[in-house]
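The values are calculated or read from the model by the stated rules, or taken from the named source; none is laboratory data. Since the model is a prediction, treat every value here as computed from it, not as a measurement. Methodologically, a virtual Cβ is constructed for each residue, glycine included, from the backbone with ideal geometry; neighbour enumeration extends over all protein chains shown. Heads up: the accessible areas ignore ligands, DNA and RNA and are worked out on the full protein's heavy atoms, side chains in. Shrake-Rupley method; radii C 1.70, N 1.55, O 1.52, S 1.80 Å.
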Amino acid sequence: MRRGWFLPVTATLGFAFLYAPIISLVIFSFNESRLVTVWSGFSTKWYGELFADPQMLGAAWLSAQVAFVSATIALVLGTLCAVALVRFKRFRGRTVLAGTVSAPLVMPDVITGLALLLLFVAMEATLGWPAGRGLVTIIIAHSTFCMAYVTVVVQSRLTDLDLSLEEAAMDLGATPVRVFFDITLPIIAPALVSGWLLAFTLSLDDLVIASFVSGPGSSTLPMVIFSKVRLGVSPDVNALATIIIGIVALGVFAATVLQLRSRPKKLRN
Amino acid sequence: MAKKPQLAIDTRPWRDPAAKPFVRIRNVTKKFGDVHAVHDVSLDIYKSELFCLLGGSGSGKSTLLRMLAGFEEPTAGTIEIDGQDMTHVAPYNRPVNMMFQSYALFPHMNVEQNIAYGLKRDHLPKGEIADRVAELLSLVKLSDYGKRKPHQLSGGQRQRVALARALAKRPKLLLLDEPLGALDKKLREETQFELVKIQETLGVTFIVVTHDQEEAMSLATRIGVMNQGEIAMIGEPTDIYEFPNSRFVAGFIGSVNMAEGVVIEDEPDHVRIRSAELGCDIYVDHGVDCAPDQILWWAVRPEKIHLSREAPDNPHDANVTRGLVEEISYLGDMSVYQVLLDSGKRLRVTQTNTVRGNPDSITWDEPVYCTWGGNAGSVLTV
Amino acid sequence: MSSYDIDSPPPRRRAWTGVERALAAVGLSGKALVIAAPAIWLTVFFLVPLAVVFGISLTLKQFGRPPYTPLLTTEEGTVQLTLHLNNYIRLFTDSLYVAAYLNSIKIALISTIIALLIGYPMAYAIARAPERWRNILLMLVILPFWTSFLLRVYALTGFMRGNGVINQVLAVFGIEPLVMMQTDFAVYVGIVYTYLPFMILPLYTNLVKLDGALLEASADLGARPARTFLSITLPLSMPGIIAGSMLVFIPAIGEFVIPSLLGGPSTLMIGRVLWDEFFANTNWPRAAAVAIAMLVAVVVPVMLLQKAQDAVQDSGRTR
């Protein structure tokens with residue numbers, strides 16, 4: 001097919017639109033001046049300031065903990081849910097489970113956050129648990145909404161999985177539990193990794209739900225950033241953003257390279 | 001062509017009413033919702049047989065195989081293997097192994113690990129597993145490929161790994177689902193031969209599901225033809241081809257000419273059928289279970305009809321009809337003639353090309369006589 | 001091959017692994033456990049909370065802890081259930097809520113259309129790019145998604161503010177600075193900017209599968225490129241268009257961060273109204289009522305739409 005000028009031009013403009021704000025953000029993180037939009041000389045002082053800010057560091061540490069634990073819980077529950085939905089075609093409440101697990105995908109964060117907060121308050125009043133809100137309640141909330149994403153990712157991989165592989169293992173004498181650990185799990189492992197990473201990122205990124213269910217003294221990183229950004233531009237947020245973008249870019253790059261390396265095998269299969 | 005196991009008559013257990021079957025399928029029915037995938041099938045299979053279940057898609061042959069493996073539970077009926085009731089036994093507790101159509105090789109394990117998988121599940125000692133794997137690899141001629149992953153193998157090699165893996169546990173019964181289906185034609189013929197050789201060497205009972213009639217004919221000791229969830233006929237390949245029991249079986253295997261007729265003479269030593277379709281009488285030189293005036297069908301294979309220019313002897317005033325050669329396909333070893341009978345019906349006739357470049361062979365638009373023997377065709381009532 | 005003695009009994013198989021035996025001992029099958037764990041979690045932390053929200057939406061705000069009137073009161077041994085419909089009545093009588101709801105739909109819809117107009121050619125360009133370029137371009141689309149959503153919105157503020165990058169560039173050309181921040185325009189830009197990858201990915205997945213022979217066949221039969229696009233490419237990419245649009249529209253409608261950081265005080269969106277009702281007014285019952293109304297007016301229709309869409313696609317697949 002011959003190619004016109006239209007597609008390359010729009011694609012270029014589109015990518016420019018996607019990246020220009022990010023690039024300017026990164027550039028101005030090295031700006032000397034507090035005015036993030038006026039260039040006054042190269043400096044890394046905002047990075048220094050960032051690492052000297054106990055509030056920021058504390059929030060980052062809290063967010064990392066929450067994201068790690070939530071992603072892990074979401075991975076376990078989401079995988080179980082995906083297995084239930086894909087492998088067990090008939091059980092009571094299957095449609096309810098399928099509907100409920102995908103509901104958080106379309107549920108606005110404000111509703112999820114409010115609902116969980118009201119639940120925690122009601123539970124505390126009647127059961128005495130959870131006492132106050134903080135790490136535990138944020139983890140529960142994040143696990144719940146991340147689980148939906150993990151389920152979707154694992155579900156699509158499981159659906160593609162050739163059922164005769166599991167049958168072959170069973171035929172060779174493996175009990176269902178063995179089959180799961182010997183055959184299913186290793187084959188869907190890449191999906192589990194991406195599911196976990198997705199959950200981790202979503203948890204790390206969530207502002208709204210965490211704002212509802214966190215208590216005093218348990219502000220996550222997005223909450224701290226939001227309160228700073230609301231007041232105006234602050235260069236240490238630029239520095240933080242640059243670090244995050246650097247990590248993500250590295251991670252995505254590594255993942256792409258790994259994927260490209262395993263590609264020829266997959267094609268031949 | 002693969003060599004069929006040559007068994008003397010007295011070693012064919014299915015001909016011995018006292019023989020004990022190895023696999024005994026009794027009135028097995030499988031319903032998926034309201035659909036009968038398998039309907040009231042009873043079947044006996046004997047030790048060391050290579051039994052082929054032959055049928056089109058949706059005939060229920062794969063469902064029957066999966067019930068033998070334990071992946072599906074029969075809705076009704078029982079399955080006995082080696083005298084033990086296996087109807088409700090889980091697949092991992094059956095002395096049965098299966099070779100899957102897709103081979104189902106575990107992609108994350110190498111060839112050795114694939115073959116060893118079943119042995120590990122039996123908790124055999126390490127040394128024994130290694131010995132057994134090496135033995136199997138040499139059996140399927142893949143000794144140098146043990147460390148390869150499945151995706152590094154060709155289709156034929158994968159097929160052999162799947163076979164080795166299924167044989168590793170020395171099952172009493174091996175189930176093979178379209179074992180040659182994914183191979184190309186040339187490889188298929190070679191592998192067919194190897195498969196029979198391995199089966200003969202090991203003496204394992206094989207049940208093979210296939211939709212390929214040629215494959216079934218050349219592999220099987222016996223064939224079970226399946227149609228719409230039921231067994232249409234069970235028999236040795238020659239029985240199935242030469243003595244089909246129904247119009248379905250006659251039409252399903254090979255090509256056939258089928259004509260409708262009415263019984264006009266029904267004697268113990270012969271039967272005469274008047275067929276308007278053929279424009280002549282059919283004289284059958286043996287007794288047939290039928291009644292005068294009954295409408296039935298007569299089926300004859302194309303190679304059982306003889307073509308001639310001159311009118312042949314006609315002692316019974318039957319089994320001769322006239323027509324015009326309409327079409328000839330020259331296939332080298334033989335030629336297929338399409339003869340348009342005076343009655344308007346078309347007959348398919350094959351003649352072996354025994355003379356090289358025969359200038360005198362019957363050709364297009366020639367009027368010919370079609371003749372056949374009194375024993376050439378099958379009389380079918382269903 | 002003498003070692004293959006079929007008369008030797010096969011080694012005994014272990015019927016149960018330890019795990020299964022332990023489960024069976026307490027009368028549980030592995031299957032039940034696999035289903036129960038996520039089902040219980042979702043019931044407790046997803047379904048019950050929604051019921052609680054509904055319950056509290058029927059109470060009134062009060063000062064104290066918790067800041068709402070109790071649903072159940074015990075008076076001289078009799079349990080009394082008190083329900084108030086005031087919150088729901090307010091939703092309809094106070095024009096703020098209806099306006100916010102309609103405005104949310106408008107903003108989400110317009111943003112979705114803009115995202116489609118930008119995303120479609122991008123997805124098409126990536127799908128038609130040489131194979132070795134495709135993965136890199138795709139990675140470039142996905143990359144922003146993995147970085148923080150909040151930080152990307154923040155990046156936009158630096159771009160669009162009064163003395164931001166855009167106005168500085170404009171100043172070079174002698175153009176007066178534009179007011180972009182705290183307008184609806186900024187909200188559109190924000191939504192399109194943050195959700196564009198969601199539009200591109202499903203479109204790409206669809207377009208990359210488009211058989212080039214179809215386009216060649218169309219050209220061969222005399223269609224010009226524009227005609228081919230309208231009668232071949234566009235109809236065939238409909239599932240991708242719908243999927244992408246849903247992925248932008250659904251989160252956009254309940255968006256809170258973008259209107260609160262980029263929009264002005266007049267940018268009413270329902271998510272923001274709920275937030276303010278809860279955090280600024282500490283009116284929990286009212287916030288709960290807004291949530292229930294959103295659930296009924298936004299989430300339920302979206303889920304039904306998605307289900308219908310799935311059904312259409314399923315029937316298309318079996319055909």
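Expressed in units of 2.2 N^0.38 Å, where N is the residue count, the Cα radius of gyration of region C:48-193 is 1.69. Note on region C:215-319: along the principal axes its Cα atoms extend 66, 34, 14 Å, ordered by decreasing extent. The label-point distance for B:Arg15 and B:Ala76, in a model that sets each label 7 Å from Cα toward Cβ, rounds to 3.6 nm. Here the ratio of the Cα radius of gyration of region A:84-153 to 2.2 N^0.38 Å is 1.30. The three principal axes of the Cα atoms in region A:1-115 give end-to-end lengths of 66, 58, 24 Å, sorted in falling order. Mean silhouette area of chain B, derived from the convex hull of its C-alpha atoms and averaged over all directions, reads 23.5 nm². For region C:229-244, 3J(HN,Hα) computed residue by residue from phi via the Karplus equation (6.51, -1.76, 1.60; θ = phi - 60°) reads 4, 5, 9, 10, 4, 4, x, 6, 8, 3, x, x, 4, 5, 4, x Hz, glycine and proline entered as x.
Evaluated on region B:198-261, the Kirkwood hydrodynamic radius is 12.8 Å, with distances taken between all distinct Cα atoms.
Take the Cα of C:Ile110, step 7 Å toward its Cβ, do the same at B:Ala134, and the gap between the two points is 7.8 nm. Between C:Ala39, C:Ala171, C:Ala291, the Gaussian network model of chain C with springs among Cα atoms under 10 angstrom shows the greatest mean-square fluctuation at C:Ala39. Among B:Gln113, B:Gln159, B:Gln213, which one shows the highest mean-square fluctuation when chain B is modelled as a Gaussian network with alpha-carbon springs under 10 Å? In the Gaussian network model the winner is B:Gln113.
Per residue, what volume in Å³ does the Cα convex hull of region C:114-257 take up?
In region C:114-257, the Cα convex hull volume per residue is 144 Å³.
What the Cα atoms of region B:1-132 give is an Rg and a Dmax of 17.6, 51 Å.
Sites listed here are trypsin sites (Lys or Arg not before Pro) in region A:41-129 whose DSSP assignment is loop and whose Cβ has at most 14 other Cβ atoms within 10 Å: A:Lys89, A:Arg90, A:Arg92. For region B:179-313, the fraction of C-alpha pairs more than 19 angstrom apart is 63%.
Here is the result for region B:193-299: no chymotrypsin sites (Phe, Trp or Tyr not before Pro) lie in DSSP coil with at most 10 other C-beta atoms within 10 angstrom of their C-beta.
The calculated P(r) of chain C, using every Cα pair and 20 Å bins from 0, goes 21, 41, 28, 8, 1 in percent. Size descriptors for region C:133-202: radius of gyration and Dmax over Cα atoms are 14.4, 41 Å. Translational diffusion coefficient of region A:25-268 (Stokes-Einstein, Kirkwood radius from Cα pairs, 20 °C, 1.002 mPa s): 104 µm²/s. Note on the protein assembly as shown: Kirkwood radius taken over Cα pairs, Stokes-Einstein applied at 25 °C and 0.890 mPa s, translational D equal to 71 µm² s⁻¹. Placing unit charges on the Cβ atoms of the charged side chains and taking the dipole of the protein assembly as shown about its Cα centre, the candidate lying farthest along the positive direction among B:Gly344, C:Leu151, C:Leu201 is C:Leu151. Taking the charge dipole of region A:1-119 about its Cα centre, with +1 at Lys and Arg Cβ atoms and -1 at Asp and Glu Cβ atoms, the residue from A:Phe42, A:Leu13, A:Leu97 reaching farthest to the positive side is A:Leu97.
Grab the other residues whose beta carbon is less than 11 angstrom from that of B:Gln157, score K and R as +1, D and E as -1, and report the net. That works out to +3. Given R0 = 35 Å, the distance between the Cβ atoms of A:Glu124 and A:Ala64 translates into a calculated FRET efficiency of 0.85. Kirkwood-type hydrodynamic radius, region B:320-362: 11.0 Å, calculated from all non-identical alpha-carbon pairs. Building the convex hull from the alpha-carbon atoms of region A:114-224 and averaging its projection over directions returns 8.9 nm². Taking every pair of Cα atoms in region B:249-342, average 1/r, invert it to obtain the Kirkwood radius, and report Rg/Rh to two decimals. Here Rg/Rh amounts to 0.99. Heavy-atom accessible area with a 1.4 Å probe sorts B:Ile253, A:Ile139, B:Ile295, largest first, into B:Ile295, A:Ile139, B:Ile253. Can you pull out the chymotrypsin sites (Phe, Trp or Tyr not before Pro) in region C:150-244 that DSSP calls coil and that have at most 12 other Cβ atoms within 10 Å? Filter output for region C:150-244: C:Phe173. In this view, the solvent-accessible surface of A:Ile247, computed with a 1.4 Å probe and all protein chains in place, comes to about 110 Å².
In a reduced charge model with +1 at each Lys and Arg Cβ and -1 at each Asp and Glu Cβ, region C:86-318 shows a dipole moment near 160 debye about its Cα centre.
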